[in-house]
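Input: one structure, supplied below.
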Amino acid sequence: GENVEQHPSTLSVQEGDSAVIKCTYSDSASNYFPWYKQELGKRPQLIIDIRSNVGEKKDQRIAVTLNKTAKHFSLHITETQPEDSAVYFCAASNTGNQFYFGTGTSLTVIP
Amino acid sequence: GAVVSQHPSRVICKSGTSVKIECRSLDFQATTMFWYRQFPKKSLMLMATSNEGSKATYEQGVEKDKFLINHASLTLSTLTVTSAHPEDSSFYICSAWPGQGWETQYFGPGTRLLVL
């Protein structure tokens, strides 16, 4: 089955700096890669996703890159703000109704 | 966007009782619903996958007689924690997947279960 690894587990950055979270996956059949943000006690919310036919996607301060050959994808947050502080999860799916989650990254943005 | 509700949001029960948690997709039909358990500061642990009208598929280590899942319709799935014990205390989150190609699953708000 699929195995998704996520690094780092914790990340602290100064407000205004960039944050990068990386994930690797093992199953080359995976073709959809969503990223979720979860605030304490709340539900995970989709913040960005990327499909396997695309190498990069950007939405304002958030971007995701995908390297299919190396089987890794990354989340990039620029100009971080305190409200970006949360736990971020990556996931991989083969669109066959199975989603595999990374272990999460706790991001703290220091004002 | 797609909305998933979960009820109750918080429940406290005595040890030995059963608790039912409902998960509803409010504005779409969910081919598949997932049930997760989440410990503090930990990732989502998939418990089971349920497809409407068929038996749920449980992950290894999850007792199907302990965690009963029913997916009665395309908009409703229920998780019943039977004979709950303090170690079952956790945050339970459901999600619903429309089942169409490249699309994310949509999460419910979660249920905080405390077993005394």
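Just so you know, all these numbers are worked out from the coordinates, no wet-lab data involved. Since this is a predicted model, take the numbers as computed values, not measurements. Positions of Cβ are generated from backbone atoms using ideal geometry, with glycine treated the same way; all protein chains shown enter the neighbour counts.
So for chain A, averaging the separation of alpha carbon pairs under 8 Å that are six or more residues apart and normalising by length, what relative contact order in percent results?
Reported relative contact order: 37 percent.
Could you name the lysines whose alpha carbon sits less than 25 Å from that of A:K22, not counting residues in the same chain fewer than 8 places away?
Result set, ordered by chain and number: A:K37, A:K42, A:K57, A:K58, A:K68, A:K71, B:K41, B:K42.
Region A:15-96: percent of C-alpha pairs farther apart than 20 Å? Let's see the in-between values first.
On the way: 1031 of 3321 pairs.
That fraction is 31 percent.
If you take the charge dipole of the protein assembly as shown about its Cα centre, with +1 on Lys and Arg Cβ and -1 on Asp and Glu Cβ, which of A:F89, B:V62, A:N3 is farthest toward its positive end?
Toward the positive end, the furthest listed residue is B:V62.
Rounded to the nearest 20 Debye, what is the dipole magnitude of chain A about its Cα centre when Lys and Arg each give +1 and Asp and Glu each give -1 at the C-beta?
Here the size comes out at about 280 debye.
Strictly under 4.7 angstrom between C-beta atoms: which cysteines of the protein assembly as shown have no such partner?
That list is B:C13.
Based on alpha-carbon positions alone, could you give the equivalent ellipsoid semi-axes of chain B from the gyration tensor, as √(5λ), descending, whole Å?
Numbers: eigenvalues 104, 41, 34 Å².
Result for chain B: semi-axes of 23, 14, 13 Å.
Less than 13 Å Cβ to Cβ from B:H7, Lys/Arg counted +1 and Asp/Glu -1: what total charge do the surrounding residues give?
Every neighbour counted, the sum reads +3.
To continue, here is another question. Report the relative contact order of region A:11-55, percent, no decimals, based on alpha-carbon pairs under 8 angstrom and at least 6 residues apart.
Computed value for region A:11-55: 30 percent relative contact order.
Mind listing which trypsin sites (Lys or Arg not before Pro) in region A:4-62 are in a DSSP loop and have 14 or fewer other Cβ atoms within 10 Å?
Filter output for region A:4-62: A:K42, A:R61.
Could you tell me which GluC sites (Glu not before Pro) in region A:28-89 are loop residues by DSSP with no more than 16 other beta carbons within 10 angstrom of their beta carbon?
Loop-located and lightly packed - A:E39, A:E79.
Still on this structure, please answer the following. Considering only DSSP beta bridges with both partners in the protein assembly as shown, what is the antiparallel share in %, to the nearest 5?
The antiparallel fraction comes to roughly 90 percent.
Once you keep just the Cα pairs under 8 angstrom separated by 6 or more residues, what percentage relative contact order results for chain B?
Reported relative contact order: 37 percent.
Still on this structure, please answer the following. Would you mind finding the longest exposed-site-free stretch of chain B, with exposed trypsin sites (Lys or Arg not before Pro) meaning DSSP loop and at most 16 other Cβ atoms within 10 Å?
By the stated rule (loop sites, at most 16 other Cβ atoms within 10 Å), B:67-116.
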